[in-house]
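The values are calculated or read from the model by the stated rules, or taken from the named source; none is laboratory data. Keep in mind that what you see is a predicted model, and the values were worked out from it rather than measured. Because the Cβ atoms are built from the backbone with ideal geometry, glycine has one as well, and the counts that use them run over all protein chains shown. Note: accessible area is taken over every heavy atom of the protein model, side chains too, but ligands, DNA and RNA are not part of it. Shrake-Rupley method; radii C 1.70, N 1.55, O 1.52, S 1.80 Å.
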Amino acid sequence: GAVVWLHPHYTEGPPPEAPAFMARLAARGWDLWRYDRPPGGPVPPASPLTAWVDPLAEGTAALRARGYARVVLVGESRGAFLALAALRVPGLADAVALAAPAAHGRRADRQSRALADFAAALDRAAPDSVRRIALLLFDNDGWDPDPTARAALFRAAVARLGWDALLVDRPAAPTGHGGVQEPEFDAIFGACLSDFLEGRSAACP
């Protein structure tokens, strides 16, 4: 299979690296791909993300055309919100992991829009866009408008859409917006998340 890394927003240098847990999939024979986007300045509004949805879907279709039987997307922060927006595309991927999705910045006046756009993306999701989806939320995440509400929206959406789901909801560790990049994440959740994305039975701590 192919596992595609969708990185966070960044302003200079190379795109951010994939989290350590993805090496587990590589060790199991998955090929690691990246969906790189150019750097930017201040965090832009979420609406330009829609311009990236079609190229992402074309990319996953191209991977299948190359012979990959399975395609998995792993997105962090803005990359996760892009993957979330792309759930409107039928046949997008076999599985998706959304780590701390964010696309609106941390300003208080954008928080209600951030939650509304999260809900709208789930409302627009096609039932056959994926088979499995994981949502990773972290405590002390200043980019998260309302983790309790987002967890509830996620649970309702996966029940409606019939997807297999894994929710990591504000564990004791790691914490912060970049929690998926912390060594603790791989140590605690890396194996079970990799199992889930592969379609194996998995229960995380």
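Just to check your reading of the model, which residue among R37, R113 is open to solvent by less than 30 Å² (accessible area, probe 1.4 Å) and at pLDDT below 95?
Working: R113 fails: open to solvent by less than 30 Å² (accessible area, probe 1.4 Å).
After applying the criteria, what remains is R37.
For the stretch 77-108, what are the residues that are over 17 Å from A26 (Cβ atoms) and assigned to a strand (DSSP E or B)?
Passing the criteria: V96, L98, A99.
Taking the options V158, V180, V168, name whichever one is of a type in the set (V, I, T), under 28 Å from P90 (Cα atoms), in contact (Cβ under 8 Å) with a residue 60 or more places away in the chain and not in a loop (DSSP other than H, G, I, E, B).
Sole residue among the options that is of a type in the set (V, I, T), under 28 Å from P90 (Cα atoms), in contact (Cβ under 8 Å) with a residue 60 or more places away in the chain and not in a loop (DSSP other than H, G, I, E, B): V180.
Scan A202, A157 and give me the residue that is open to solvent by 30 Å² or more (accessible area, probe 1.4 Å) and either at pLDDT below 95 or not hydroxyl-bearing (S, T, Y) (or both).
A202
Would you check if there is a residue in the stretch 41-51 being modelled with pLDDT of 90 or more and in contact with a helix residue (DSSP H, G or I) (Cβ under 8 Å, 6 or more places away or on another chain)?
no
Would you mind telling me which numbered condition in (1) at pLDDT 95 or above; (2) under 18 Å from the mean Cα position of the chain (by Cα) D54 fails?
Of everything listed in (1) at pLDDT 95 or above; (2) under 18 Å from the mean Cα position of the chain (by Cα), D54 misses just condition (1).
Looking at (1) open to solvent by less than 30 Å² (accessible area, probe 1.4 Å); (2) part of a loop (DSSP other than H, G, I, E, B), which is the only condition I133 fails?
I133 satisfies every listed condition except (2).
Determine whether the stretch 20-31 contains at least one residue that is under 27 Å from P147 (Cα atoms), at pLDDT below 95 and either of a type outside the set (K, R) or in a loop (DSSP other than H, G, I, E, B) (or both).
No, the stretch 20-31 contains no residue that is under 27 Å from P147 (Cα atoms), at pLDDT below 95 and either of a type outside the set (K, R) or in a loop (DSSP other than H, G, I, E, B) (or both).
If I go through the stretch 61-84 residue by residue, how many of them are buried (at least 24 other Cβ atoms within 10 Å of the Cβ) and farther than 22 Å from C192 by Cβ?
Of the residues in the stretch 61-84, 3 are buried (at least 24 other Cβ atoms within 10 Å of the Cβ) and farther than 22 Å from C192 by Cβ.
Could you run through the stretch 86-104 and say how many residues are open to solvent by 10 Å² or more (accessible area, probe 1.4 Å) and modelled with pLDDT under 95?
Total meeting the criteria: 1.
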